[in-house]
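Below: one structure, written as structure tokens.
The values are calculated or read from the model by the stated rules, or taken from the named source; none is laboratory data. Predicted model, so just to flag it, every value in this text is computed and none were measured. Heads up, the Cβs are rebuilt from the backbone with ideal geometry, glycines too, and the neighbour counts pull from every protein chain shown.
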């Protein structure tokens, strides 16, 4: 259960020039946190729940990082010390890593990350995006830390490396020049409608044939178009959404495992447990135990 009236923050040094900051504001008031940051440091901020408001340059520049969003910030031209307001009921993880250490992690894969290229190394970089459910699970594990003190540092180090790996594991977005299907805006709207339909009726979704008929596309165009726009098959996308909903319901601690499975449309708890374990590598019961206080 949420522990009202408590806020906490921890600073862990992973290696020289490599830190992870953990912030939890379980109070009903705004909490302000500050931390010095040198100009050769890349900042990653992940807001697992709630909302954070960052302020830079003596308050002349500010921005929000909302729930389940991340922000990457790098400015080699000037220091950007952390000055953040955590709204009530907000959890955040920040990673600070020197550019030299960061380059060493991706020395053979720099082409995969645009701002690591030689021509961009002296330029500012900013990226704010929604993060995946897999990242949310790792963040929860970092913040909860249900582990013995003797291996706490090793555990955090492993989870931070896992977090960065997941963050940069991005499939290339389809290009409209390479994807003729996306040029047809009417087809795009139909595929988006298909996505809305399966999410709205996720406990009893239509078959692919029924879905294609409902949106007015051929089965082939539905399957090809959905994969092009959303990067996955219809039912793989739906499964990811259901597992994300399952994670949120378990974290709310309002439902037990059987109740979550039933609410998501699983006829038996074993089917739900198997799907959850395949997605997250652990059972719903163990995951529920890891987030329980």
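Here residue 146 passes the criteria (1) out of contact with any helix residue (DSSP H, G or I) (no Cβ under 7 Å at 6 or more places or on another chain); (2) at pLDDT below 85 except the one numbered (1).
A quick yes/no check of all residues on (1) in contact with a helix residue (DSSP H, G or I) (Cβ under 9 Å, 6 or more places away or on another chain); (2) surrounded by 11 or more Cβ atoms within 10 Å (Cβ to Cβ); (3) outside the structural domain of residue 136 (by TED's automatic domain parsing):
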{"position": "36", "(1), (2), (3)": "no, no, no"}
{"position": "40", "(1), (2), (3)": "yes, yes, no"}
{"position": "50", "(1), (2), (3)": "no, yes, no"}
{"position": "61", "(1), (2), (3)": "no, no, no"}
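For the structure I just gave you, tell me whether residue 46 is crowded, with 17+ Cβ neighbours inside 10 Å and free of Cβ contacts under 8 Å to residues at least 40 places away in the same chain. So residue 46 does not fit the description; no. Only one entry of 72, 86, 96, 80 meets the criterion of being under 16 Å from the mean Cα position of the chain (by Cα), at pLDDT 85 or above and assigned by TED's automatic domain parsing to the domain that holds residue 21, and that entry is 72. If the condition is being surrounded by 14 or more Cβ atoms within 10 Å (Cβ to Cβ) and either under 26 Å from residue 90 (Cα atoms) or touching a residue at least 24 places away in the same chain (Cβ under 8 Å) (or both), then region 249-273 contributes 249, 250, 251, 255, 256, 257, 260, 263, 264, 265, 272.
Considering each residue of region 199-219 in turn, none proves to be part of a helix (DSSP H, G or I), surrounded by 12 or more Cβ atoms within 10 Å (Cβ to Cβ) and modelled with pLDDT under 90. Looking across region 15-29, the residues that are more than 21 Å from the chain's Cα centre (by Cα) and surrounded by 13 or more Cβ atoms within 10 Å (Cβ to Cβ) come down to 17, 27.
Every residue, every condition in (1) over 18 Å from residue 134 (Cβ atoms); (2) modelled with pLDDT of 90 or more, yes or no:
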| site | (1), (2) |
| --- | --- |
| 236 | no, yes |
| 242 | no, yes |
| 245 | no, yes |
| 249 | no, yes |
| 253 | yes, no |
| 265 | yes, yes |
| 268 | yes, yes |
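To keep it simple, each residue is scored yes or no on (1) within 28 Å of residue 155 (Cβ to Cβ); (2) in contact (Cβ under 8 Å) with a residue 60 or more places away in the chain.
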| site | (1), (2) |
| --- | --- |
| 26 | yes, yes |
| 40 | yes, yes |
| 51 | yes, no |
| 58 | no, no |
| 64 | no, no |
